[in-house]
Amino acid sequence: MKKTVLSLLILATAFSLNAQPPSGDAKPGEWYGEKVATEGAVNISDAAAKLGDAGTVDTKIKAKIVEVCPKKGCWLKLQVNDSTTAMVKMKDYGFFLPLSAKGKTVIIDGEMKMKTTSVAELQHYAEDAKKSKEEIAAITKPEKEIRVTAKGIVIVE
């Protein structure tokens with residue numbers, strides 16, 4: 001009985017620690033996921049302009065992070081232009097970024113495509129971002145967005 005209770009306590013502690021974004025300052029040169037070389041990166045707005053509706057492109061992009069999932073650091077939003085952002089999820093949910101990465105410029109090696117995101121998924125992201133119940137309820141239509149699946153990310157500025 002004691003072993004079972006102790007095991008459950010250890011497991012609960014591990015889950016609570018795992019459900020937080022990594023700590024750190026996200027300084028230039030730090031990388032997350034696979035190591036990424038900075039050479040050959042293109043501006044995200046240029047890559048997005050070449051992206052077709054049906055296509056998926058392996059690319060290395062440079063962009064500024066405008067939002068980091070405050071719950072775990074498991075997704076990011078990148079600035080594409082004045083009116084557009086791109087959603088970034090980490091490949092196989094294999095790594096996360098610290099909240100301090102917000103506002104930093106990064107290079108991401110990964111796959112870019114256009115995706116229609118369901119209302120349920122958009123509401124989930126809004127919950128993660130700690131939006132109000134009213135803001136979450138106001139999400140009633142799926143959205144077409146640029147989606148990046150990151151293999152690796154390096155902070156450059």
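The values are calculated or read from the model by the stated rules, or taken from the named source; none is laboratory data. On a predicted model such as this, the values are computed, not experimentally measured, just so you know. Heads up, the Cβs are rebuilt from the backbone with ideal geometry, glycines too, and the neighbour counts pull from every protein chain shown.
When the residues of the stretch 130-152 are narrowed to those that are under 26 Å from LYS60 (Cα atoms) and of a type in the set (A, V, I, L, M, F, W, C), which ends up modelled with the lowest pLDDT?
Here the residue is ILE146.
Against the conditions (1) at pLDDT below 80; (2) in contact with a helix residue (DSSP H, G or I) (Cβ under 9 Å, 6 or more places away or on another chain), LEU17 satisfies every one except (2). Give the residue that is surrounded by the fewest Cβ atoms within 10 Å (Cβ to Cβ), with candidates limited to residues of the stretch 88-107 that are out of contact with any Asp or Glu (no Cβ under 7 Å at 6 or more places or on another chain) and among the charged types (D, E, K, R). Among residues in the stretch 88-107 that are out of contact with any Asp or Glu (no Cβ under 7 Å at 6 or more places or on another chain) and among the charged types (D, E, K, R), the one surrounded by the fewest Cβ atoms within 10 Å (Cβ to Cβ) is ASP92. Scanning the stretch 132-157 for residues that are of a type in the set (Gly, Ala, Ser) and free of Cβ contacts under 8 Å to residues at least 40 places away in the same chain turns up SER132, ALA137, ALA138.
Can you tell me which residues in the stretch 47-70 are in a strand (DSSP E or B) and either surrounded by fewer than 19 Cβ atoms within 10 Å (Cβ to Cβ) or of a type in the set (D, E, K, R) (or both)? The answer is THR56, VAL57, ASP58, LYS60, LYS62, LYS64, VAL66, GLU67.
Kindly evaluate ALA120 against the criterion of being at pLDDT below 90, within 28 Å of THR56 (Cβ to Cβ) and either assigned to a strand (DSSP E or B) or of a type in the set (Gly, Ala, Ser) (or both).
On the way: at pLDDT below 90: no; within 28 Å of THR56 (Cβ to Cβ): yes; either assigned to a strand (DSSP E or B) or of a type in the set (Gly, Ala, Ser) (or both): yes.
It is false that ALA120 is at pLDDT below 90, within 28 Å of THR56 (Cβ to Cβ) and either assigned to a strand (DSSP E or B) or of a type in the set (Gly, Ala, Ser) (or both).
For the stretch 93-102, state whether one or more residues are assigned to a strand (DSSP E or B), among the aromatic types (Phe, Trp, Tyr), modelled with pLDDT of 90 or more and out of contact with any Leu (no Cβ under 7 Å at 6 or more places or on another chain). There is no residue in the stretch 93-102 that is assigned to a strand (DSSP E or B), among the aromatic types (Phe, Trp, Tyr), modelled with pLDDT of 90 or more and out of contact with any Leu (no Cβ under 7 Å at 6 or more places or on another chain). Residues of the stretch 71-85 being β-branched (Val, Ile, Thr) and either part of a strand (DSSP E or B) or buried (at least 20 other Cβ atoms within 10 Å of the Cβ) (or both), which ones? VAL80, THR85 - these are the residues of the stretch 71-85 that are β-branched (Val, Ile, Thr) and either part of a strand (DSSP E or B) or buried (at least 20 other Cβ atoms within 10 Å of the Cβ) (or both).
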